[in-house]
Amino acid sequence: MNATEAQQTTISSLRSLPASFKLLFGFISDNVLICGYRRKSYMIIGWAISAISMGMLLVDSKCGLAEKGESQPSVEMFSLTILLFGTGFWFADVMADSIVAEKAKLEPEESRGQLQSTCYACRFFGLMIAAPFSSGIYSTFGPRAVIILMGSFPFAMLPLIYNFWEPRNQVIKSTSAQCSEIWKTVCSRAVWQPMGFVYLYNLLQVSNSAWKEFLSSVLHFSPNQLNMLLIMSYVLLYVGIMAYKYYFIAWSWRSVYIMTTLVGGFFSLLQICLIEGYTFGLDPFFFALGDDAFADFVSGIQFLPTTIMMVHLCPSGSEGASYAM
């Protein structure tokens, strides 16, 4: 599509933009039943939106992706479909998180966190497998095959979600009562203190949107090398989740954050070394791998402690909104 680096960055941002509305998605599902269900109906809607968006990309008159030489989709059309796909994905994701939160609250004390760590391990295992798999399909069959798969998998989820058991016609608390409960929860020191810390911590994790441009334009990384960085990031993200599940789950979240911050700081120094050209005779790829990929390993370890802690503070009946916070 001959998109500029700025356009590519914008499209990547559009994919995750709907995640900013997770609180709204959860609040709607907490308050409004569809066909008597609080979660599964919205999950079906979310995955249907994702599937339809990929269908729009395929049938668009400018989207001749099957053969070389055919016209490509416009940047505007591609951006719209990516935004719609992300909206459906995050909508369904909030519903899945809400279900996990509801079930996790039923765990006994001695096995607390096992359900969440198992669910998220399966999720990130899928990401780890999908990255090289999709790359191989793209290289062999082109982008059309990838788009077909991205539209087919959400459709394949719909029968499974339809047969998922969920209680019907549950009693819904009034909106004012739910808002009051959430506000009381947020005002509790056991909640606002760790939430405030995590928010500020993530706020200070400033992403470098120009980093990929530096790798490709200045260091002349090939597309295969950039793709390998992405694959290794997903692999180490999964390894981080499994490391927490089997080794760090008994640690306090303070200890986890202190340890991972020190490790992350060390690997971030590799990025500075790479920019200054101090690679000590090693291939620049290994330095880029250290910052990009190992940052995801650290994120994988940090991801679970706060989610496990917060799920047991969610008011009953308001898991969608409170857990999404």
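The values are calculated or read from the model by the stated rules, or taken from the named source; none is laboratory data. Just so we're clear, the structure is a prediction, and the values are computed from it rather than from any experiment. We place every Cβ from the backbone using ideal geometry, glycine too, and count neighbours over all the protein chains shown. Keep in mind that these areas ignore ligands, DNA and RNA; they rest on the heavy atoms of the full protein, side chains included. Shrake-Rupley method; radii C 1.70, N 1.55, O 1.52, S 1.80 Å.
Here are the numbers for this structure:
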| quantity | calculated |
| --- | --- |
| Residue count for the range 12-35, restricted to those that are modelled with pLDDT under 85 and surrounded by fewer than 16 Cβ atoms within 10 Å (Cβ to Cβ) | 3 |
| Subset of the range 96-120 (residues that are surrounded by fewer than 18 Cβ atoms within 10 Å (Cβ to Cβ), in a helix (DSSP H, G or I) and of a type outside the set (Asp, Glu)) | 96, 103, 111, 114, 118, 119 |
| The listed residue being open to solvent by less than 50 Å² (accessible area, probe 1.4 Å) and assigned to a helix (DSSP H, G or I), out of 156, 131 | 131 |
| Tally, over the range 177-219, of residues that are of a type in the set (Phe, Trp, Tyr) and modelled with pLDDT under 80 | 2 |
| Which listed residue is more than 15 Å from residue 324 (Cβ to Cβ) and outside any loop (DSSP other than H, G, I, E, B), from 16, 29, 50 | 50 |
| Filtered residue count, the range 221-245, keeping only those that are within 22 Å of residue 304 (Cα to Cα) and either more than 22 Å from the chain's Cα centre (by Cα) or open to solvent by less than 30 Å² (accessible area, probe 1.4 Å) (or both) | 9 |
| The range 237-264 residues that are within 22 Å of residue 200 (Cβ to Cβ) and part of a helix (DSSP H, G or I), paired with ones that are open to solvent by 40 Å² or more (accessible area, probe 1.4 Å) and among the aliphatic types (A, V, I, L, M) (beta carbon under 8 Å, 6 or more apart) | 253/309; 264/295 |
| Some residue of the range 198-209 being out of contact with any Leu (no Cβ under 6 Å at 6 or more places or on another chain), within 21 Å of residue 311 (Cβ to Cβ), open to solvent by less than 80 Å² (accessible area, probe 1.4 Å) and of a type in the set (A, V, I, L, M) | yes |
| Among (1) without any contact (Cβ under 8 Å) to a residue 12 or more places away in the chain; (2) at positive phi, the one test that residue 317 misses | (1) |
| Any pair with Cβ under 6 angstrom, 6 or more apart, that starts in the range 289-310 at a residue that is over 10 Å from residue 264 (Cβ atoms) and modelled with pLDDT of 80 or more and ends at one that is open to solvent by 40 Å² or more (accessible area, probe 1.4 Å) and assigned to a helix (DSSP H, G or I) | 305/253 |
| Qualifying residues in the range 268-282 (those that are in a loop (DSSP other than H, G, I, E, B) and among the small types (Gly, Ala, Ser)) - the one nearest to the chain's Cα centre (by Cα) | 277 |
